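The structure is given below, and queries will be raised subsequently.
The values are calculated or read from the model by the stated rules, or taken from the named source; none is laboratory data. Everything numeric here is computed off the predicted structure, so don't read it as measured data. Heads up: the accessible areas ignore ligands, DNA and RNA and are worked out on the full protein's heavy atoms, side chains in. Shrake-Rupley method; radii C 1.70, N 1.55, O 1.52, S 1.80 Å.
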Amino acid sequence: MNNNNINTNARTRLLCLVEIMTMYSDEQHILSIEEICDWLHDYGYAASKRNILADIKAINTTPIKIISVSKPKKGFYIAKYFSQDAIRLILESVFASDLLTEKDVEYIKKYLHRFTCIPTLDLILNTTINLNSLSPKRKVSGEAVHNLRLAIRDKKQAEITVHRAVPGDTFSETRKTETLTVNPIVLAVNNKSISLVFTNINSPKKAEFVNTHRIESVKLLNSESTEFADDLTGAVNYFDRRSLSTNKTAKDWIFIRFKAEDVELVENRFNSPIQLRKDDSEGYYVAKVFTPIDDSLIGWLFTLSDKIEIIAPSSLKELFEKKAKNI
């Protein structure tokens, strides 16, 4: 009778060990034997180091594999079906997709809980707000976004290098970069991009944002984040001081003319890179971009008709004039 009880305890302890390793370990979260003992104790099992090593050996005879490492500390983690980079890619794709309904997104989150690292999933879900997702996003650096998430989670300051297009005498994609020290608050997903909402260390109570496709690199700092803005709804673009946009993404070559102060407004509208040059009129620029000519683009141009002039193609001008006449 006693032997049966011991055997049952050992078998169920194996299941608990697998659950603990699945829930709390991965390549970035190594569990020491002491930590595993503590977790098993919370589950109601007394286990020695010898027991745990024997259990891990038994588990490794199955398709489930527990890896032993000595760096960055001595301990163990469970091998996942996906690499950490793959997991981040999957999760970012869920936020970025324009094909998934809210119900689909919730189902995928639950499914991923079964097969991915829980800390990684929680990190993404707890550092992102969805303003109005379910549409394509511009390509961003996965490493930069992940580092921003860590800074947000750990309430640490970050040094970010950002860029924006600089108009020249000819069409080009010349960029200007600058480095900012910020208090990252949250990653906000809207129709066209993922934006970092932050406060500058020089104005800690004023929320600003920059689209992550403009962030080239992120350096995590040891400094604690300082005061945060209480109201994030008033966050303004770092470059042009406009609020978070919900304009829909539109893709033929079009040419539009606008003032220098509206460069950021135009850049943020398109999913494709824009090419800029100075116009003959002082203080004006012309943008060349490859984008669909659709109702979304026409509507955007119409609402900004006082700021943006259509130069070409003639078909776009005709559609615009027709819409204006109908209205």
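Would you mind checking the pairs Lys155/Lys205; Lys49/Lys73; Lys71/Lys110; Lys205/Lys259; Lys259/Lys288; Lys155/Lys206 and listing those with alpha carbons more than 23 angstrom apart? Provide the component values of the computation, followed by the final result.
Values: Lys155/Lys205 15 Å; Lys49/Lys73 17 Å; Lys71/Lys110 32 Å; Lys205/Lys259 30 Å; Lys259/Lys288 14 Å; Lys155/Lys206 17 Å.
Pairs exceeding the cut-off: Lys71/Lys110; Lys205/Lys259.
When the Karplus curve 6.51 cos²θ - 1.76 cosθ + 1.60 is applied with θ = phi - 60°, which whole-Hz ³J(HN,Hα) does each residue of the stretch 209-214 get, with x for Gly and Pro?
8, 9, 5, 5, 6, 8
Here is a further query. Thinking of the stretch 4-75 as a set of Cα atoms, what percent of all their pairs are more than 18 Å apart? Provide the component values of the computation, followed by the final result.
Numbers: 853 of 2556 pairs.
Everything past 18 Å amounts to 33 percent.
Show Thr12, Thr291 ordered by accessible area, largest first, where the area counts protein heavy atoms only and the probe is 1.4 Å.
Working: Thr12 50, Thr291 5 Å².
Ranking Thr12, Thr291 by accessible area, largest first, yields Thr12, Thr291.
Could I ask something else about it? How much of Arg175 can a 1.4 Å solvent probe reach, expressed as accessible area in Å² and rounded to 10?
Its heavy atoms expose roughly 140 Å² to the probe.
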